[in-house]
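Handing you this structure, nothing more for now.
The values are calculated or read from the model by the stated rules, or taken from the named source; none is laboratory data. No experiment lies behind these values; they were computed from the predicted model shown. All Cβ positions, even for glycine, are placed from backbone atoms using ideal geometry, and neighbour counts span all protein chains on display. In case anyone asks, the SASA skips ligands and DNA or RNA and just uses the protein heavy atoms, side chains included. Shrake-Rupley method; radii C 1.70, N 1.55, O 1.52, S 1.80 Å.
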Amino acid sequence: MSVPGAPAEDWRQLDRRSVLVTAVVMGAMAGGSVLPATAGLLARTSWAQVVGGVLAGILALGVAGAIADFVRWRRTRYRVGPERVELHTGLLTVKRRSLARERIRSVDLTAGPLLRVLGLVTVRIGTGEHTGGGESTLELDSVNKAEGERLRRELLAGKAVGADSSHREDEIAVLDLRWMRYAPASFVAPLLAAAAFGSVMKISEWLGVQGEVLTWAEGRFRDAPLFWGVVVLGLAALVVGVTGSLGLWVEGWSNYRLEREPGGTLQVRRGLLTIRSVTIEEQRLRGVELVEPLGVRLCGAARVDAIATGLVKGAEDEHVDHKTLLPAVPRVVAVGVAAQVLRETGVSPTSVSLTPHPRAARTRRLRWALAAALVPPVTLTVAGVLLTEALVSRVLLWASAASAAVLLPLAVLLALDAYRGLGHGVQGGYLVARSGTVRRGTVALQRAGVIGWTLQQSWFQRRAGLLTLTATTAAGNGAYSVYDADEEEGLDFASRAVPGLLEPFLDRAPHP
């Protein structure tokens, strides 16, 4: 395909092996979609007829997909010019897309198992802008691995084509298999156990044996005491959740490496079956966040996320894949990596002592927690009193007492922990804010990256002399808050962090 006004040799094609990838994927999708129907047909017709029909359908869909993708491949061209990256595709309706090179913020490479076998990668070029319809990204699916690396270096770091991609300026972190022990401490483990139970029920329904499965399970626990039945089911869920979380960790973080490349870019490589390569320009980095989910924090661990411009969550993009620089590791290791990422040779901003918040902030958290914890017991008590059936009423009242005995102490502990986690301060060129209990985050944000402050004060906060300050920035989540700080101290903190920004609105002299 030639483009008017442009030399034909400037335009490149995708790798033709992408047609084979599409054929295999279409066949696999067809096989998975007809599995329930296949299970039903096996009960009414011969095995040979069912398998023959299914294989013929899979082959037909695979061939149809390959033909359609061959047309797409023939009609798709891209080129990298001195000012723009362009992509032209389409048969009847030709789509022309282009991105200004100066606005490109990310070039990420991914390769699933099939692409890896064929030596291919998918290149996703993005500007990091919040636009609909995918207009802020270009996706090249698929090119050979060497071409993908060339595009990444050329578009992000300005390296000459053919430069040695193995060269690095600094190796910040590499995989340590001991980090795997923190995987089961995440909230993913119980979700995986529930998903496994749902999958068993769905597959047994497809095969028409769900009744038999439930009967078998009931027979195992029919004569057992209720307590031991609950214990056995809990242990089974624990084993499934732990196994699943370990499997996900191995798939997501195998071959992990965090490097600083020449030209000022950070690159994260990871993955076992699907390889991911995410690059962040240091000039887009505005800080880091030390993230400590409750289970991980109880194990003395934390992960590190980047706060950078251009890391935008899209319909086909997982934000966490782009911003996570380090998985859950010992907290001291995470603090050290955060300091290296920020090029801080002294004290890491994420480890400095922070200004505690007033006791009124603790009172507010205790009130919120107790109010939330009282909802289930009160609801069960009201239902038990209103019901006329004596047995059901007693069960509900006992359930109310049990929930109160469990939830109220837990709510108090979480509220006190949330209060102890509050803090803020200024360290060098960074403002630091910490909050949260179920998910505690310590944010170290460049003071130069703050573009505004939002001050919030409810009626209750005014009575308690508290204030919530939110620093707005173009990076990361766009806003990072300091919750329930002392009113005067909070305003002084904002003034010290970004001198001259608040004073015109507060009639206060700038902080020296």
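Only one of 286, 270 is touching a residue at least 12 places away in the same chain (Cβ under 8 Å), open to solvent by 50 Å² or more (accessible area, probe 1.4 Å) and of a type outside the set (Val, Ile, Thr). Can you tell me which?
So the residue among 286, 270 that is touching a residue at least 12 places away in the same chain (Cβ under 8 Å), open to solvent by 50 Å² or more (accessible area, probe 1.4 Å) and of a type outside the set (Val, Ile, Thr) is 286.
Here is a list of conditions, (1) farther than 27 Å from residue 504 by Cα; (2) crowded, with 22+ Cβ neighbours inside 10 Å, and residue 443 meets all of them except one; can you say which number that is?
In the conditions (1) farther than 27 Å from residue 504 by Cα; (2) crowded, with 22+ Cβ neighbours inside 10 Å, residue 443 misses (1) alone.
Turning to a different aspect of this structure: Quick one: in the stretch 458-487, which of the residues that are assigned to a helix (DSSP H, G or I) and closer than 18 Å to residue 367 by Cα is least open to solvent (accessible area, probe 1.4 Å)?
Going through the qualifying residues, I end up with 461.
In the stretch 482-489, is there at least one residue being at pLDDT 95 or above and on the phi > 0 side of the Ramachandran plot?
Yes, there is a match, as at least one residue in the stretch 482-489 is at pLDDT 95 or above and on the phi > 0 side of the Ramachandran plot.
Quick one: count up the residues across the stretch 138-196 that are modelled with pLDDT under 90 and among the β-branched types (Val, Ile, Thr).
Qualifying residue count for the region: 2.
Pairs, please: C-beta under 7 Å, at least 6 apart or cross-chain, first residue over 22 Å from residue 282 (Cα atoms) and open to solvent by less than 20 Å² (accessible area, probe 1.4 Å) and in the stretch 296-321, second in a loop (DSSP other than H, G, I, E, B) and modelled with pLDDT of 65 or more?
296/186
Looking only at the stretch 73-88, decide whether some residue is within 20 Å of residue 26 (Cα to Cα), surrounded by 13 or more Cβ atoms within 10 Å (Cβ to Cβ) and hydrophobic (A, V, I, L, M, F, W, C).
Yes: the stretch 73-88 contains one or more residues that are within 20 Å of residue 26 (Cα to Cα), surrounded by 13 or more Cβ atoms within 10 Å (Cβ to Cβ) and hydrophobic (A, V, I, L, M, F, W, C).
Select the strands (runs of 3 or more DSSP E) contained entirely in the stretch 196-291, then report the ones holding at least 3 residues which are touching a Gly at 6+ places or on another chain (Cβ under 8 Å) and farther than 30 Å from residue 449 by Cα.
Result: empty, no element qualifies.
Go over the candidates 334, 306, 339, 302 one by one and state the one that is part of a strand (DSSP E or B), farther than 21 Å from residue 108 by Cβ, at pLDDT 90 or above and aliphatic (A, V, I, L, M).
Only one candidate passes the filter, namely 302.
Of all residues in the stretch 446-457, count the ones that are touching a helix residue (DSSP H, G or I) at 6+ places or on another chain (Cβ under 9 Å), part of a strand (DSSP E or B) and over 13 Å from residue 487 (Cα atoms). Reasoning before the result, please.
Step one: list which residues in the stretch 446-457 are touching a helix residue (DSSP H, G or I) at 6+ places or on another chain (Cβ under 9 Å), which gives 447, 450, 453, 455, 457.
With the extra rule that they be part of a strand (DSSP E or B), the set shrinks to 450, 453, 455.
This time we only want the ones that are over 13 Å from residue 487 (Cα atoms), so: 450, 453.
Within the stretch 446-457, residues that are touching a helix residue (DSSP H, G or I) at 6+ places or on another chain (Cβ under 9 Å), part of a strand (DSSP E or B) and over 13 Å from residue 487 (Cα atoms) number 2.
Determine whether residue 363 is modelled with pLDDT under 90 and either assigned to a helix (DSSP H, G or I) or open to solvent by 30 Å² or more (accessible area, probe 1.4 Å) (or both).
Taking the combined requirement at face value, the residue does not satisfy it.
Working only within the stretch 104-137, note down all residues that are over 19 Å from residue 267 (Cα atoms), open to solvent by 20 Å² or more (accessible area, probe 1.4 Å) and at pLDDT below 85.
Once the filter is applied, which keeps residues that are over 19 Å from residue 267 (Cα atoms), open to solvent by 20 Å² or more (accessible area, probe 1.4 Å) and at pLDDT below 85, the stretch 104-137 yields 129, 130, 131, 132, 133, 134, 135, 137.
Consider residue 229 carefully, then state whether it is farther than 30 Å from residue 292 by Cβ and small (Gly, Ala, Ser).
yes
Okay, next question. Is there any pair linking a residue in the stretch 113-126 that is within 15 Å of residue 16 (Cβ to Cβ) and assigned to a helix (DSSP H, G or I) to one that is modelled with pLDDT of 90 or more and not β-branched (Val, Ile, Thr), with Cβ under 6 Å and at least six apart or on different chains, and which?
Final answer for the pair search is 118/17.
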